[in-house]
Amino acid sequence: MVTKTNKAWLSLLIVCVSVSFNAIAENKETVTNLLYTEKGLAGKAVFTQESQFDYSGFLEVGWNNRRLKISESVTLDANGMPVSFKAHGQSPFGSIIEESFTLKNHQAHWESAKDVGTMDVNTPRFYVPADSSVATDAAFVRALLASPSKTLELLPSGHASLTILNEQEVEHQGNKAQVYLYAISGLDFTPDFAWYDNKGRLFAQNMGGFMRVIREGFSLENLSALSEIQQKEEKSYLENMADKLSHSYTQLLIQGSNVIDVEQGKRIEQIDVLLENGKIKKIAKHIPQDDHMQVINGKDKTLLPGLWDMHGHLSKDDGLLNMAAGVTNVRDMGSNHDSIMEIETLFNSNQIIGPHVYRAGFMDQKSEYSAGLSVETLEEALNTVDWFADNGYIQIKLYSSIDPDWVKPLAERAHSRGLRVSGHIPAFMTAEQAVNAGYDEIQHINMIFLNFLAGTHADTRQQLRFSLIGEQAGEMDLNSPEMKALIKLLADKRITVDPTVSTFRSLLIAEDRQTNPEYLAIIDHLPPAASRQLKGAEMNVKGAELVEYKKSADALIDMVKVLYDNQVPIVPGTDNLTGFTLHRELELYEQAGIPAFDILAMASINSANLVGAGHLSGSIKEGKNADLILVEGDPTQNMSDIRNVSLVVKDNHFYKTAELYRTLGVKPFTRPAIVTGPKVTQRH
C-alpha cells in the first residue's frame, strides 16, 4: 500500500496511542458522530466510555425506507480485548438484531442472527460484532495501534491490519481535534479508509458519497477537506493495485477457444482471435503466431463478450470485484454526481481497475422516504432532467416518492433531450400508468407484481414494496387476463425490464444463522468477514410466513420467464454484491427456462445496444473493442460455468482473475490463465 506518512508525526502518534489501557481516564465521556446523505442529516452514532473498561454505543440512521437502530455495550479486559458484548435493535429491512459475546476461562462464545459458535482462545483475539461496532470501534482501533505489527487476530475468524496514512488538525468555531487517517484491512474485500481521533474513536468518513460521517461540533466543510485527503489515499491504493495487476499488450492471440457469437446465437468451435491495441483485429480458424505476440491457449475454454451489469451503484473499490467476475461494463443506476464522475474517469481510462461506466441520473421528490438527489417542485425536476442531459447522462431513473402527475412532463422533457426514462414505479401509481406516461424501462421485478398488489392505494415508498411481494406474489395467477394485458402492453411498447430477481429473492428467503441461498455457490470462496455478512435474515419473517415468502420468491423466477416468453426485453442487473450477484442472476434466468444463448445475449449485446454502445462492444466481432472474457467450461451448457472466468480483456489490458481474487481475499474459482510469448508487462 502507498502511504504518505511523515515520520515525525508518526512517532508522536505511536507514543500517544501506545499507552496502557489501564491509563484510560475513568471519567465518563461521550462523543456523537452525525451521519449525512445527499438529502441531509440522516442519523447519529453515539459512543460513550462508561468507565475504564466499559463502553456503550447507539446508532440510529435512516435512508430511503430503511431504518437501522442498534444499542450496544462492551466490556474489555486489561489488554483491551472484549470479554463481553451485547447488542439489540432492528436491521434496515426489519429483522431483529440480538447479539452477544462472552470470553471466560479462555472460552469464547457468541450468538447472533448470523451465527453461533464457541472457541477456545489461548492468545488475544478481538471479537468483531456481526451487525455494528459503535461500542467496540474505538477499542478495536486502539488494540490495532497498540500491536507492534498493527495486526490483530479476530473472532469468529480472520485477521485485521492497520496502516497509518495521514494526520490533520481540524478546527471549527473553537472546537479542535487532531485526527488520523487509517486504512483497516481484513473486514471487507478492500481496506476501509476513515479518520479517527487520538483516542481511536471514529471522527469522519466519506462512504463513496452515499453516506458521510462527521463528529458533532464540526462542519461539513471540515468533512469535505478530510474527504478529499481520504479519496486521494483510496485512489492511491487502487492505482497501486492497477500497477501490480494490469497487464498491457500490443498483440494478444487467444488460440483454439470456442467463441460464443451472441448475435447469431451459436458457438464457433476451436477458433483463434487476435487482439491488437485494444481492438479485435482478426477472427480465423488459424492465425499464424509470430515472436511479437503474447499467446493464450484457449483449448477447452469458452471466449465470450465481457458481461454487463445493468443495475450497479458503483464505488471505486467495486472495480476489482467486477473485473474478476468478468463484468467489464456497468450501468450505474444512481450515485452521487461527483463520485460517479471520478469513478467513470478512473475506470474508463484504466487508471484504476474497473469496468466501462454508463451513467443514469437518479431523481426523487423530497419526502420522508426519498433517496439521493431530491427535488421539491416540478420545475426543479424538469431543470434537473436538463442538467443530466447537459452532463452526459444517458437516462434518468425516477424513484418512489415522485408525484405520479410529474411522470408525463418529465418523460416528455427527457425524451426531448434524448434520454430514456426508467425507475421504480412511484407510489400511488401503477406500472401500466407509468408506461403510458412515458416510461421506457422498469427497475425491479417486484414492480410488475405491485401493479396489482399495490395499485394506486398502497404507499410503496415504505417497505410495503417488499412485504406485499413476500406475502402475496406466490398466490398470483401469472396467466390471468389482467396480467396478460399488462405484459402485452410491455411487449407492444418494447418496455425493458431490469429484474434484479436474485436481489429480491435474497431479501425474501434469507433465514437466521443460515447462508443466504442465493450465495451458496460462492460462500466457501469468500474471506471470513464477507461470508459472515451473507448469513442471517433480512426481514422479520419466520414460520408459516417464511413458507409464503419462499413461494413468492419462486414466483419472481416464473415472472421472468413470462416476460421472456412474451418478448418483453430483459437486461440483467444486480443492485447487490458486486460481480457475484450477476452470475447468480444469469443462473436464475436459466432456471426459469430461458435458453443459454439468449441469456448471454441479454448480458452482452442486448445491454450494449440499450445504452447505445452495440457498435463498439457487446459481441466478438472484428473491429470492435477488445472486451472479452475467457471461461473454463461452457456457459451455454451450464450457466454456472460463468463463474469460472480465467482471463478478462478490457481495451489494451488483460487481467488474470485468479490474481484479482487473491488480492481481494477470495479463493479463485478456476486456474490462472497462462500467457506465453514476450515477457508480460505491467501497466506501466
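Against the conditions (1) within 22 Å of LYS114 (Cα to Cα); (2) open to solvent by 40 Å² or more (accessible area, probe 1.4 Å), ALA529 satisfies every one except (2).
In the set LYS484, LYS551, only one residue is out of contact with any Cys (no Cβ under 7 Å at 6 or more places or on another chain), open to solvent by 70 Å² or more (accessible area, probe 1.4 Å), over 30 Å from ALA411 (Cβ atoms) and of a type in the set (Lys, Arg); that residue is LYS551. Residue-level check: of (1) surrounded by fewer than 23 Cβ atoms within 10 Å (Cβ to Cβ); (2) more than 22 Å from GLY354 (Cβ to Cβ), PRO635 misses just (1). Residue pairs whose Cβ atoms lie under 6 Å apart, sitting 6 or more positions apart in sequence or on different chains, and linking a residue in the range 640-664 that is closer than 15 Å to THR328 by Cα and among the acidic types (Asp, Glu) to a partner that is open to solvent by 20 Å² or more (accessible area, probe 1.4 Å) and at pLDDT 95 or above, do not occur here.
Across the range 174-188, the qualifying residues are those that are touching a residue at least 24 places away in the same chain (Cβ under 8 Å) and open to solvent by 60 Å² or more (accessible area, probe 1.4 Å), and the one among them that is farthest from GLN205 (Cα to Cα) is ASN175. Candidates in the range 255-274 are the residues that are in a strand (DSSP E or B) and within 18 Å of MET602 (Cβ to Cβ); of these, the one that is least open to solvent (accessible area, probe 1.4 Å) is ILE260. For the range 470-478, the criterion of a residue being in a loop (DSSP other than H, G, I, E, B), more than 30 Å from TRP308 (Cα to Cα), open to solvent by 20 Å² or more (accessible area, probe 1.4 Å) and out of contact with any His (no Cβ under 7 Å at 6 or more places or on another chain) is satisfied by at least one position.
Between THR430, THR377, THR384, the distinction of being free of Cβ contacts under 8 Å to residues at least 12 places away in the same chain and over 26 Å from ALA608 (Cβ atoms) belongs to THR377 only. Annotation note: of THR578, THR515, the sole residue that is of a type outside the set (A, V, I, L, M) and without any contact (Cβ under 8 Å) to a residue 24 or more places away in the chain is THR515.
Among the residues of the range 267-277, are any closer than 16 Å to LEU647 by Cβ and acidic (Asp, Glu)? Yes - at least one qualifying residue is present in the range 267-277. Within the range 202-228, the set of residues being more than 23 Å from the chain's Cα centre (by Cα) and in a helix (DSSP H, G or I) comprises LEU220, GLU221, ASN222, LEU223, SER224, ALA225, LEU226. The single condition from (1) within 20 Å of the chain's Cα centre (by Cα); (2) buried (at least 20 other Cβ atoms within 10 Å of the Cβ); (3) modelled with pLDDT of 95 or more that GLN294 fails is (1). All conditions but one from (1) hydrophobic (A, V, I, L, M, F, W, C); (2) open to solvent by less than 10 Å² (accessible area, probe 1.4 Å); (3) in contact with a helix residue (DSSP H, G or I) (Cβ under 9 Å, 6 or more places away or on another chain) apply to LEU616; the one that does not is (2).
Provide a single number: the residues in the range 340-371 that are closer than 30 Å to ALA658 by Cβ and either open to solvent by less than 40 Å² (accessible area, probe 1.4 Å) or of a type outside the set (D, E, K, R) (or both). Total satisfying the criteria: 17.
The values are calculated or read from the model by the stated rules, or taken from the named source; none is laboratory data. Nothing here was measured: the structure is a model prediction, and the numbers come from that model. Heads up, the Cβs are rebuilt from the backbone with ideal geometry, glycines too, and the neighbour counts pull from every protein chain shown. Heavy atoms of the whole protein, side chains included, go into the accessibility calculation; ligands, DNA and RNA do not. Shrake-Rupley method; radii C 1.70, N 1.55, O 1.52, S 1.80 Å.
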